[in-house]
Amino acid sequence: MNMEATIAVLPGDGIGPEVTDAAIRVLDAVTQMYGHRVTYTRHLIGGCSIEAHTTALTDEALEACARADAVLLGAVGGPKWDDPNAPVRPEQGLLALRKGLGVFGNLRPVKPYPALMNASPLRPELLRGVDLIVVRELTGGLYFGQPKGRFVEGGKTRAVDTLEYHEDEIERIMTLAFRLAEGRRKKVTSVDKANVLESSRLWRSIATETAKKHPEVTLHHMLVDTASMRLITSPADFDVVVTENMFGDILTDEASVLAGSMGMLPSASLGAGTVGLYEPIHGSAPDIAGKGIANPIGTILSVAMMLRYSFQLEREARAIETAVHRTILDGCRTKDLGGRMGTQEMTTEIISRLIMVRGIQYGDEVAVRMDEWRAGAL
């Protein structure tokens, strides 16, 4: 059945506009090939929104995102807005968007490409068999807890951030993680700091109770400091990793070295019956903004996740993933991967392989042997 959808696009700051434009090119190619129709609305977020509207996300932009069928986000922030004393910061727009859409679960898959193992600082033997997904709780914890702020008491300034979790917040993210594990290798690693934090002790308790409802899945508890070490020393041991907001933020940046570059990793943020939010895990990279050299793959793969999770278009999602894999297998590289290709050139290479993939799916005559395609398939 053909799809008609409206996608809200928030390019944001830095390289955000460049990688979202690349992802839209790929999405347009896929929708045209498979007979779907997509329309876009564009909105400001982050630093560019502060400059235009004095706020990092306007109510109008948030309402437009809530009305859309899915949201594609680039990145926010940059040195221009890094003043720690600034009353409004770009990241506030990102947090407001996540909270406003109710997307409590952030999925970040990590599966290194064999052809890129030399791009990682880890030895290739450590990367073999790595196929994990981090499920990060996204709308609670330290980033949202109250009270929050700086206060002057007795002539001295005190800063406060509150780490708070409620039972239902933990239970719903755990349920998401266990359901994902049921379709994978049936192993969940719950990451916390239960030896120190009361919130983590509640986290561990709810994880244990949730595990009883999913007896076919094995649960392991792991302290966050141990998890940060094991992600580097034995990453293939992980299947589904579930953790709280700040730990997930840090651990997934660390996990990006497994893939060779932060530019490779996509993410999907989902809620219960809400609009899905899709974005690469990397930041705005202001040092390369405007140079046309940003790696678009993380954003392009985020579009594949959008097709899978928001629109249940598995064939189209796999077409994008296969085209990306085939492009990498054929030696195409952006600068962060040791190559010379620019953003648009890499995107064009991926789109050209989409045509091959579609031909194979439909049994057309195409200029690629079936056994070669299977070797490059995900």
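The values are calculated or read from the model by the stated rules, or taken from the named source; none is laboratory data. Keep in mind the model is a prediction, meaning the values are calculated, not measured. Note that each Cβ is placed from the backbone with ideal geometry, even for glycine, and that neighbours are counted across all protein chains shown.
Take GLY129 and tell me if it is at positive phi and either without any contact (Cβ under 8 Å) to a residue 40 or more places away in the chain or assigned by TED's automatic domain parsing to the domain that holds GLU254 (or both). Before you say what the answer is, go through the steps one by one.
Values: at positive phi: yes; either without any contact (Cβ under 8 Å) to a residue 40 or more places away in the chain or assigned by TED's automatic domain parsing to the domain that holds GLU254 (or both): yes.
Yes.
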*Residues that are closer than 28 Å to VAL188 by Cα and touching a Gly at 6+ places or on another chain (Cβ under 7 Å): find the strands (runs of 3 or more DSSP E) completely inside region 47-148 holding 3 or more of those.*
132-137
*Take GLY93 and decide whether it is touching a helix residue (DSSP H, G or I) at 6+ places or on another chain (Cβ under 8 Å), more than 25 Å from VAL241 (Cα to Cα) and surrounded by 21 or more Cβ atoms within 10 Å (Cβ to Cβ).*
yes
*Kindly list, by first and then second residue, each pair from a residue in region 138-154 that is at negative phi to a residue that is hydroxyl-bearing (Ser, Thr, Tyr) and exposed (fewer than 12 other Cβ atoms within 10 Å of the Cβ), limited to pairs with Cβ atoms under 9 Å and residues at least 6 apart or on different chains.*
ARG150/THR157; PHE151/THR157
*Is it fair to say SER49 is of a type in the set (S, T, N, Q) and at pLDDT below 95?*
no
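Could you tell me whether GLY260 is buried (at least 19 other Cβ atoms within 10 Å of the Cβ), of a type in the set (Gly, Ala, Ser) and on the phi > 0 side of the Ramachandran plot? Quick ask: steps written out before the conclusion?
Details: buried (at least 19 other Cβ atoms within 10 Å of the Cβ): yes; of a type in the set (Gly, Ala, Ser): yes; on the phi > 0 side of the Ramachandran plot: yes.
Judged against the criteria, GLY260 is a match.
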*So which pairs qualify, if the first residue must be in region 1-19 and surrounded by fewer than 19 Cβ atoms within 10 Å (Cβ to Cβ), the second must be at pLDDT below 95, the Cβ gap must be under 6 Å, and the two must be at least 6 apart or on different chains?*
ASN2/GLY35
*For ALA285, which of the numbered conditions (1) over 30 Å from GLY105 (Cβ atoms); (2) assigned to a loop (DSSP other than H, G, I, E, B) fails to hold?*
(1)
*Complete set of residues in region 326-344 that are buried (at least 21 other Cβ atoms within 10 Å of the Cβ) and part of a helix (DSSP H, G or I)*: ARG326, THR327, ILE328, LEU337, THR343
*Kindly provide the set of residues from region 128-162 that are buried (at least 16 other Cβ atoms within 10 Å of the Cβ) and over 18 Å from LEU251 (Cα atoms), ordered by number.*
PHE144, GLY145
